[in-house]
1. State the number of residues belonging to segment 1-57 that are within 24 Å of LEU67 (Cβ to Cβ), among the polar types (S, T, N, Q) and modelled with pLDDT under 80.
2. Can you pull out the residues in segment 112-156 that are surrounded by 17 or more Cβ atoms within 10 Å (Cβ to Cβ) and either at pLDDT 90 or above or more than 13 Å from MET215 (Cβ to Cβ) (or both)?
3. Give the residues of segment 65-111 that are exposed (fewer than 13 other Cβ atoms within 10 Å of the Cβ), over 29 Å from LEU223 (Cβ atoms) and not hydroxyl-bearing (Ser, Thr, Tyr), sorted by residue number.
4. Any idea which of (1) more than 17 Å from the chain's Cα centre (by Cα); (2) within 30 Å of LEU80 (Cα to Cα); (3) touching a residue at least 24 places away in the same chain (Cβ under 8 Å) is the one SER151 doesn't satisfy?
5. LEU97 - would you say it is within 13 Å of TYR152 (Cβ to Cβ) and either without any contact (Cβ under 8 Å) to a residue 24 or more places away in the chain or aliphatic (A, V, I, L, M) (or both)?
Amino acid sequence: MREIVKNKNLTMLGHLAELRKRMLYIVVANLITTFICYEYSNILIEIFLKMNKSMKLVYLTPPELFLAYLKISLIGGIILALPITILQIWTFISPGLYRNERLYIVGSFIGGLLFFITGSYFAYKMVLPTMLEFFQKFQRDEIAQMISIGSYLDFVLSIIFTFGVVFEMPVLAALLAKLKLIKATTLKKKQPIMILIIFIVAAVMTPPDIISQIMLALPMILLLQLSIGICWLINKYQEE
C-alpha cells in the first residue's frame, strides 16, 4: 500500500516537473520573440498607421509612445512564439489523450486558428479602414484632432481581436453539435432571437457607434448561417 502511494506521489511530482519545464520553454520563447519584435517595432507600428494616413496621432504622456511600442512588441512576440507555445502544450497533454480525442483537438485547433486569422484579417483590411474613414468625416476646423497613439492602438487591436473571436462561432457550433448539445433544427427555430442577441452582443463588444455595430453584426449573422449548416451535417452524420 505504501509503495502504491509512493508511486502516485512520484507520478504527480513528475507531472509537476514536466509542467514547469514546458512553462519555462514557453516563457523563454515568448521573451526572445518579444525582444526580436521590439527591434522591428517601427515596422509593426507602421502596419497599423497606414490604415489611415490622414490621421495625425500624438502622445499625451512621456511614456505613452514607449508603452505603445512595447504593447505591439509583446503582441507580436506572442504571435511569433505561438507555434512553440502550442507545441509545448501539446507535448504535455497529448500522452493522456485517446487517439480520437487527439483528432478532435487538432481539428478544432486548426479550424479555430483559420477562422481567427480570417476574422482578424477581415477586420484589418475591410472593417477598420471603413470605420476610420467614416470617423474622419466628422472632423471640424473648430475642433482640433488630438488622438493619442495609445488610444488608437487600443481601438484597432480591440476591433481586430473582437472579429477574430467572433469568427470562431462555426468551430464552437461544430464542437457543441459533436457533443450533441445543439441541433440544426433548434438553431433554425430560434434564429430571430439569436439575431437579436447578435445585435446586442455587437453593441457590447464594439465602440458606441452604429457603424461598428453593423459591421460586426452582419458577419455574425452570416457565420450563424454557416454554423447551422455545419450542425446540420454533423447531426445527419450522427443519425446515420
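1. Qualifying residue count, segment 1-57: 1.
2. Correct list: GLY112, PHE115, PHE116, SER120, ILE149, GLY150, TYR152, LEU153, PHE155, VAL156.
3. PHE66, PRO95, GLY96, ARG99
4. If we test SER151 against (1) more than 17 Å from the chain's Cα centre (by Cα); (2) within 30 Å of LEU80 (Cα to Cα); (3) touching a residue at least 24 places away in the same chain (Cβ under 8 Å), just (3) comes out false.
5. no
The values are calculated or read from the model by the stated rules, or taken from the named source; none is laboratory data. The model shown is predicted, which means the values in this text are computed figures rather than measured ones. Glycine also receives a Cβ, built like all others from the backbone with ideal geometry; neighbour counts cover every protein chain displayed.
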